Amino acid sequence: MNVLANIRIVLARPIYGGNIGAVCRAMANMGLSDLALAGAGAFDQVEARKMACWATAILEGSRRVATLAEALGDCALVFGTTARLGLYRQHTRTPREWAATILAAAQAGRVALLFGPEDDGLSNEELAQCHHLVRIPSTPEYPSLNLAQAVMICAYELYAASGAFEPLPEKSPLAESRMKERLFAMWEEMLLEIGFMQPDKAQHMMLGLRRIFARGALSEDDVRILMGIARQTRWYAHQPRSRPPG
């Protein structure tokens, strides 16, 4: 089951076509496709399509309804977003904190994420139709986010928590200890030959070098590159140098 398909983005009274299009693009980026526009007035369709980019299918497939009740009627849970504080707005959680709850609910029924208009956000009457409130962390000096940016943040947290993203595996396996020991031996010889360190300081210097390399996982390809640097440096160090005339 694609749990993300059961999550609906609802825009209450959106104003700008560019923001609506950008919301569609953000949804497409994060695997969401169900968009409802509640109480939307006339907006710039050309700008909306331009900002939707390759996500025009979401824009064209969006449900346009007159009231918020129509957009939310078939949803089991409604999460409303708010940037303002005040009566009944204190009990908020971040998108990351709500993500697991939203995904669990979407396993059994449709869940809505409700976003208010760009100028003043959701009203108290609209928030009253929500079961839970979401607040995106932001600086107190300027807490209001652009509509599409707010949708993207919430959608990202849901997509990340869903486990849908699978990073590409490292094509080269991690280097084994014996391979890394050969690397350290080559680098020690190289650093001694080029005069970077003296024999009596070599042990101390190599401990520092080992710590540097230990800060990240080295793949076999990584070690081969570092060995190649050592070989080439040693070769170059033994080449004759021409002296300037005079």
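Summary of computed values
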| item | result |
| --- | --- |
| Among residues of region 205-225, those that are in contact (Cβ under 8 Å) with a residue 12 or more places away in the chain and in a loop (DSSP other than H, G, I, E, B), counted | 2 |
| Search result, residues across region 91-122 that are within 19 Å of the chain's Cα centre (by Cα), buried (at least 18 other Cβ atoms within 10 Å of the Cβ) and aliphatic (A, V, I, L, M) | Ala99, Ile102, Leu103, Leu113 |
| The listed residue being modelled with pLDDT under 90, surrounded by 10 or more Cβ atoms within 10 Å (Cβ to Cβ) and over 30 Å from Arg25 (Cα atoms), out of Ala237, Ala185 | Ala237 |
| Residue count, region 26-50 (criterion: in contact (Cβ under 8 Å) with a residue 40 or more places away in the chain, touching a Phe, Trp or Tyr at 6+ places or on another chain (Cβ under 9 Å), more than 21 Å from Gln129 (Cβ to Cβ) and buried (at least 19 other Cβ atoms within 10 Å of the Cβ)) | 2 |
| Hey, Phe196 part of a loop (DSSP other than H, G, I, E, B) and without any contact (Cβ under 8 Å) to a residue 40 or more places away in the chain or not | yes |
| From the options Ala83, Ala66, Ala48, residue that is assigned by TED's automatic domain parsing to the domain that holds Leu145, under 19 Å from Ile15 (Cβ atoms), touching a Lys or Arg at 6+ places or on another chain (Cβ under 8 Å) and among the small types (Gly, Ala, Ser) | Ala83 |
| Pair list, Cβ under 8 Å, 6 or more apart: region 1-25 residue farther than 20 Å from Arg49 by Cα and modelled with pLDDT under 95, other residue not in a helix (DSSP H, G or I) and not aromatic (Phe, Trp, Tyr) | Met1/Gln107; Asn2/Gly31; Val3/Gln107 |
| Failed condition for Phe79, given (1) closer than 22 Å to Ser144 by Cα; (2) in contact (Cβ under 8 Å) with a residue 40 or more places away in the chain; (3) out of contact with any strand residue (DSSP E or B) (no Cβ under 8 Å at 6 or more places or on another chain) | (3) |
| Some residue of region 169-177 being surrounded by 10 or more Cβ atoms within 10 Å (Cβ to Cβ), more than 20 Å from Ile9 (Cβ to Cβ) and at pLDDT below 90 | yes |
| Condition check for Arg234: charged (D, E, K, R), more than 30 Å from Pro169 (Cα to Cα) and in contact (Cβ under 8 Å) with a residue 24 or more places away in the chain | yes |
| Residue in region 100-116 that is out of contact with any Ser or Thr (no Cβ under 6 Å at 6 or more places or on another chain), at pLDDT below 90, in the same structural domain as Arg13 (by TED's automatic domain parsing) and of a type in the set (Ser, Thr, Tyr) present | no |
| Residues of region 1-59 satisfying the condition of being in a loop (DSSP other than H, G, I, E, B) and closer than 16 Å to Leu113 by Cβ | Arg13, Pro14, Met30, Gly31, Leu32, Ser33 |
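Quick grid of which residues meet (1) within 40 Å of the chain's Cα centre (by Cα); (2) surrounded by 13 or more Cβ atoms within 10 Å (Cβ to Cβ); (3) modelled with pLDDT under 95:
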residue: Ala164; (1), (2), (3): yes, yes, yes
residue: Met179; (1), (2), (3): yes, yes, no
residue: Glu193; (1), (2), (3): no, yes, yes
residue: Asp200; (1), (2), (3): no, no, yes
residue: Ala214; (1), (2), (3): yes, no, yes
residue: Arg241; (1), (2), (3): no, no, yes
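The values are calculated or read from the model by the stated rules, or taken from the named source; none is laboratory data. Note that the coordinates shown come from a computational prediction; the quantities given were computed from them, not determined experimentally. Glycine gets a Cβ as well: all are built from the backbone with ideal geometry, and neighbour counts include every protein chain shown.
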